[in-house]
Structure formats: structure tokens, C-alpha cells
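S.K.: I'd like to ask some things about the structure below.
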Amino acid sequence: MKELVIISGKGGTGKTSVVAAFASLAEKKVLCDADVDAADLHLITDPEIKQHHDFEAGHTAVINKEKCTECGLCRDLCRWNAISSDFVVDSIECEGCGVCHYFCPEEAIAFPVNTCGEWFISETRFGPMAHARLGIAEENSGKLVTLIRQEGKKLAEERHLDLLLTDGPPGVGCPVIASLGGATAVLIVAEPTVSGKHDMERVVELADFFRIPAMLCVNKFDINPDKGRMIEAFAEDRKIFVAGRIPFDPAFTKSMVMGKNIIEFNSSSEGSKAVRIIWENAKQRLGI
Amino acid sequence: MIISVASGKGGTGKTTVATNLAVSLEFAVQLLDCDVEEPNAHLFIQPKIEDVEVVTTPVPEVDLKKCTLCGKCAEICQFNAIVVIGETVLPFHEMCHSCGGCTHVCPEKAITETTRELGIIERGRRNGLEFVHGLLRVGEAMSPPLIRKVREYTRSDALTIIDAPPGTSCPVIASMKDADFVLLVTEPTPFGLHDLKLAVGAVKVLGIPCGLVINRSDMGDDGVKIYAEEEEIPLLMEIPFDRLIAEAYSRGEMIVDVMPEWKERFKDLYRRIVEIAG
């Protein structure tokens with residue numbers, strides 16, 4: 001089985017719009033939304049949820065006031081200043097390291113497991129989909145990304161499907177790192193702006209760091225063709241396959257408003273044509 | 001006063017709003033770019049960097065001569081960052097959250113702390129504007145400790161504008177916590193609305209007043225406006241889609257560079273924020 005992860009570094013370059021369009025073009029695949037922090041793919045795929053699971057990960061310290069003698073050891077040991085002077089744990093600041101729980105001489109600190117999100121197995125008009133929602137202000141996004149990709153892979157194996165199409169998170173930190181391990185390849189969706197170029201370079205470096213083969217496409221190419229060509233040149237210089245260019249096409253926004261991908265909305269639009277070329281190129285590279 | 005500019009969804013225009021606001025105001029302002037995974041504000045502000053510092057976090061180092069392989073360090077570690085394998089103890093520095101638990105628990109005092117690099121902080125100026133940003137080392141997973149370090153440069157005698165990362169999880173919380181106001185920037189699309197709702201949820205958890213800027217306000221639908229009315233989130237500014245703005249942005253230019261009349265609008269935006277935040 002192959003996995004293509006779509007990432008971008010910078011947010012809002014069009015990752016999800018590209019994945020949603022690929023959903024109409026790829027055949028035997030499972031969709032996976034690994035942008036668990038701000039998942040949007042389901043707004044297009046309209047999943048019918050078949051399985052719903054709580055996501056439990058990490059712990060938070062809770063001080064039992066009746067047992068606490070206010071000795072202050074926990075406050076001395078806590079490196080996050082998460083315990084107030086009146087001995088209440090700030091659950092937002094608590095890192096879940098358990099040091100206070102371990103050392104409390106009165107055993108006054110409980111350390112319950114957090115439920116910090118949900119994950120789903122669904123059916124969509126494009127095929128099965130694994131997706132998730134991290135609770136607001138929660139930690140452990142990387143673990144949820146890893147879990148949802150594993151569930152996506154399981155689903156693909158069960159159904160004898162040969163591709164996992166994963167919508168990745170923005171950035172280069174914990175969730176993105178979790179979305180890369182074991183992937184067949186990444187497709188970087190860049191935009192031809194100074195920010196887009198800066199962020200693309202960092203995400204290329206990240207893919208390099210984890211030795212994941214990368215492909216690249218530039219979205220909204222005509223907004224700044226010079227910058228677009230500079231991004232492509234950078235990619236080629238780094239032996240990254242340039243899979244195509246997508247023009248600025250308002251049909252992307254229009255299709256999103258209607259809950260459709262661009263292929264469904266207008267399969268002969270310039271954006272659709274461009275995405276089709278990129279998909280054919282990616283398919284060839286993936287060997288499917 | 002601290003204003004944190006956040007969005008939920010990426011690419012809605014946080015940096016555009018934060019940078020234009022920062023250069024439009026004519027008093028002491030500092031801009032802290034806390035999107036340390038992908039900081040962009042410097043590309044527009046182009047500050048003269050005056051200081052660079054490497055930020056590190058403590059991680060354990062084991063003296064195997066003293067270690068008795070008792071395994072207490074592995075037992076206390078919640079992050080699987082130190083394990084006993086056969087006749088040795090292996091710390092995994094990249095997984096370590098720097099809680100100090102293993103160092104503290106070791107009965108033989110065989111564990112001391114060395115450091116792992118999180119990234120760098122660069123500080124500089126553009127005219128009167130003070131600029132600070134963090135740049136997470138590529139390959140480093142944990143951004144919140146670096147964000148907190150950037151925020152240590154907050155000064156009480158200036159207006160602090162924070163450019164936050166996208167999303168709603170720990171890095172965003174680290175960038176919004178203790179702010180006096182959160183300025184949410186969104187686009188009027190289903191994706192923008194969905195992620196705006198998440199961001200509003202995060203702001204509510206923290207109990208901070210907020211207001212809304214709608215970017216590319218004429219591309220999409222009415223969903224965001226209807227939601228803002230229902231939730232009584234004040235709409236403070238609308239920026240229509242303008243190819244001139246998009247092209248200027250692509251070159252690293254700010255709105256107020258190409259359309260100086262927008263300076264007054266950003267000043268107004270600030271006035272309205274002050275009215276709400278008090």
C-alpha cells in the first residue's frame with residue numbers, strides 16, 4: 001500500500017482543496033484527514049460516520065485538597081508553573097509529566113487520563129475515510145495524527161485498497177512530523193509568495209530530514225509567476241519533482257461553498273485541468 | 001496591552017493584519033511573531049536584526065558508571081523518552097518534554113541535564129517598531145517552549161502584537177494566553193467558518209475578549225457574518241479581495257505600502273479594539 005501525504009508548510013495554500021479534488025480522481029483509496037487541529041476535508045466529503053471513538057492520550061494532574069498539606073514540593077518541581085499558590089492545577093499549563101503526582105508525599109495528586117479528542121471511520125461518496133477532531137486547547141495532536149493514519153492504513157488493508165490519501169497539517173512541528181513517518185511520498189502545495197516560498201523551503205528541509213521523497217505543485221501560480229518559477233527552480237535544485245501548476249481559479253472557493261470539490265463543480269475549469277495533470281504525475285511517481 | 005492575532009485556519013491573513021496594524025500605529029509597538037514553525041512577519045517588516053540567541057531545553061544525560069539499571073527513570077517518564085535496554089539506558093532527546101522527572105528520581109544521581117536546541121530567537125527593529133520572532137529548528141517537534149521564550153520579550157510599556165500560529169492546539173494557546181484581546185482573522189468560506197468556530201472555542205476557554213476581521217470578504221458566502229452576529233462577535237474590519245493586495249503580498253509588500261489610505265483603517269481597528277478590551 002502507498003501513502004501520499006499532502007503538506008504545505010504555510011497554511012491556506014490549498015492542501016485540502018487539492019486532496020478533495022484527488023478524491024474524485026484516485027480510484028482505490030482511503031481518505032485520511034490528518035490536520036486534526038483544524039480538519040476541513042469532511043466539509044467537502046460529507047462523511048457518514050460509521051464508527052466514533054474517543055481519543056485518550058496523556059494525563060493531567062489534579063490535586064485533592066483534602067489530602068494536600070500545602071508543603072509546596074509540587075510547585076518547586078513543576079517546570080510549567082502549572083500549580084497556583086493555592087494549590088490548583090491549571091489544566092492548560094499542565095504538561096502531563098506526572099512529576100508532581102510521583103513525588104507528592106501525601107499522595108494527594110491524582111493523574112487521570114485525558115480524553116482529548118475523537119476519531120471517526122466514515123463512508124463518503126469517494127470511498128472510506130478516517131478522520132479526527134482534537135479537542136480545543138488540547139495537546140497530543142501528534143499522537144492523534146499517528147493514530148488516524150494507522151486507522152486509515154488498516155481500513156485500506158481490510159478493503160484491499162492500495163492508496164492512503166492523507167491531508168496533512170500546516171507547519172513543521174509535532175503534527176507534521178507525525179504525518180510523515182512511513183509515508184511513500186509527500187506532495188507540497190506551495191503558493192507563489194514570499195511567505196509561501198519561505199515556508200516551502202522549511203517543509204522541504206523537513207521532508208529531507210525524514211528522507212521522504214517529495215513532489216511539489218504551485219497553486220495560484222499566476223498571482224506571481226516570477227515567484228512561482230523561483231519555487232520550482234528551488235525544488236528542481238533539490239531533486240524534487242515538480243508535478244504541475246495550478247492557476248488562481250475562483251472555482252475553488254465557489255465549489256467549496258457548495259460542498260463540492262472543483263472536479264465535481266466544474267470539471268473543465270482551469271483549476272480542474274491543472275489538478276488532473278498533477279494527479280496523473282503523482283500517480284506515476286507513486287507507481288499506482 | 002497584548003493583542004494576539006489568530007485564526008484557526010491557516011492562510012487567512014493573520015500576518016497581513018498583524019504587520020499592517022503594527023506599522024500603522026504611531027507609538028511604541030512591538031511585534032512578536034509566535035508562528036515559530038513558519039514565521040513570515042519578518043518578510044514584510046524586514047527588520048534590521050540586532051540580536052540572535054539559541055534557545056535550548058534541558059534533556060537527560062546518563063552516567064552509566066553510576067547507573068544501576070533500576071529503571072525508575074523509565075517508569076516516571078510519561079513520554080517514553082528514556083528506556084532501559086539490556087545493560088544500558090537510552091535517552092531519546094527528541095521525545096523529551098524536559099520535565100526533569102528522571103533527573104530528580106534517579107537514586108544514584110546518575111542523570112544530569114544537557115540541552116537540545118529548540119530553535120533561535122531573532123530580535124531587531126524597523127524604525128520605531130520592535131520586532132521579535134522565533135524560528136523552530138527543522139526536525140524539532142515542540143514549539144510551545146520556544147513560543148513562551150519569544151513571549152518573555154513582552155514589554156509592559158508598549159503595545160504588544162502577537163502573530164499566532166494556525167490551529168487551536170497547544171502552540172495557539174501558548175500564543176493567546178494572557179492576551180488582553182484576540183483578533184480573529186478569517187475568510188468567508190465554509191473552511192474559514194469551521195475553523196473560526198474552533199478558534200472562538202479556544203478564546204472562550206481562555207476567557208479573552210475577541211473581535212473579527214474578514215479577509216477576502218467578497219469571496220465566499222455569508223456564513224461567517226451570520227455566525228458572528230449570532231455569537232455577538234464584533235466585526236471590526238473587512239478586507240475585500242483585491243488582486244493588487246494579493247500581488248503586493250506575494251512580493252512581500254504590505255497593504256499600507258501599496259494603499260497608504262489603509263493606515264487610517266488600521267488605526268481605527270486599533271481604536272475599536274481598545275474600546276472593547278478597555
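S.K.: Report, by residue number, each residue of the range B:133-178 that is surrounded by 24 or more Cβ atoms within 10 Å (Cβ to Cβ) and more than 13 Å from chain A (Cβ to nearest Cβ).
M.R.: B:Val150, B:Ile161, B:Ile162
S.K.: Can I ask one more? Restricting the search to the range B:133-162, which residues are out of contact with any Cys (no Cβ under 6 Å at 6 or more places or on another chain), outside any loop (DSSP other than H, G, I, E, B) and either outside the structural domain of B:Lys225 (by TED's automatic domain parsing) or within 13 Å of B:Glu37 (Cα to Cα) (or both)?
M.R.: B:His133, B:Gly134, B:Leu135, B:Leu136, B:Pro145, B:Leu146
S.K.: If you don't mind, another one. Does the range B:179-206 hold any residues that are outside any strand (DSSP E or B) and away from chain A (no Cβ under 11 Å), and which are they?
M.R.: B:Ala179, B:Asp180
S.K.: While we're here: Give A:Gly287, A:Gly259 a once-over and let me know the one that is under 24 Å from the mean Cα position of the chain (by Cα), surrounded by fewer than 16 Cβ atoms within 10 Å (Cβ to Cβ), away from chain B (no Cβ under 11 Å) and on the phi > 0 side of the Ramachandran plot. Don't jump to the end; show me each part of the working.
M.R.: Values: A:Gly259 fails: away from chain B (no Cβ under 11 Å).
That would be A:Gly287, the only listed residue that is under 24 Å from the mean Cα position of the chain (by Cα), surrounded by fewer than 16 Cβ atoms within 10 Å (Cβ to Cβ), away from chain B (no Cβ under 11 Å) and on the phi > 0 side of the Ramachandran plot.
S.K.: What strands (runs of 3 or more DSSP E) lie completely within the range A:1-94 and have 1 or more residues being more than 14 Å from chain B (Cβ to nearest Cβ) and crowded, with 19+ Cβ neighbours inside 10 Å?
M.R.: Output list reads A:2-7, A:29-33.
S.K.: Follow-up question, since we're still on this one. What is the one condition in (1) outside any loop (DSSP other than H, G, I, E, B); (2) among the β-branched types (Val, Ile, Thr); (3) touching a residue at least 24 places away in the same chain (Cβ under 8 Å) that B:Val83 does not satisfy?
M.R.: (3)
S.K.: Based on this model, can you work out whether B:Glu117 counts as acidic (Asp, Glu) and in a strand (DSSP E or B)?
M.R.: yes
Here is a yes/no grid of residues against (1) closer than 30 Å to B:Glu140 by Cβ; (2) among the basic types (Lys, Arg); (3) not assigned by TED's automatic domain parsing to the domain that holds A:Gly9:
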| position | (1), (2), (3) |
| --- | --- |
| A:Val203 | yes, no, no |
| A:Ala233 | yes, no, no |
| A:Pro250 | no, no, no |
| A:Thr253 | no, no, no |
| A:Ser269 | no, no, no |
| A:Arg276 | no, yes, no |
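S.K.: To continue, here is another question. Considering only the range B:89-131, state which residues are basic (Lys, Arg) and either loosely packed, with under 15 Cβ neighbours inside 10 Å or on the phi > 0 side of the Ramachandran plot (or both).
M.R.: B:Lys109, B:Arg125
S.K.: Within the range B:1-55, track down each residue that is part of a strand (DSSP E or B) and of a type in the set (D, E, K, R).
M.R.: B:Asp33, B:Lys48, B:Glu50, B:Asp51, B:Glu53
The rows are residues; the columns are (1) aliphatic (A, V, I, L, M); (2) within 14 Å of chain A (Cβ to nearest Cβ); (3) closer than 25 Å to A:Cys104 by Cα.
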| residue | (1), (2), (3) |
| --- | --- |
| B:Val89 | yes, no, no |
| B:Glu113 | no, yes, yes |
| B:Gly119 | no, yes, no |
| B:Arg125 | no, no, no |
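The values are calculated or read from the model by the stated rules, or taken from the named source; none is laboratory data. Here the structure is a predicted model, which is why all the values come from computation and not from measurement. Counting neighbours? That spans all protein chains shown, and the Cβs are built from the backbone with ideal geometry, glycine included.
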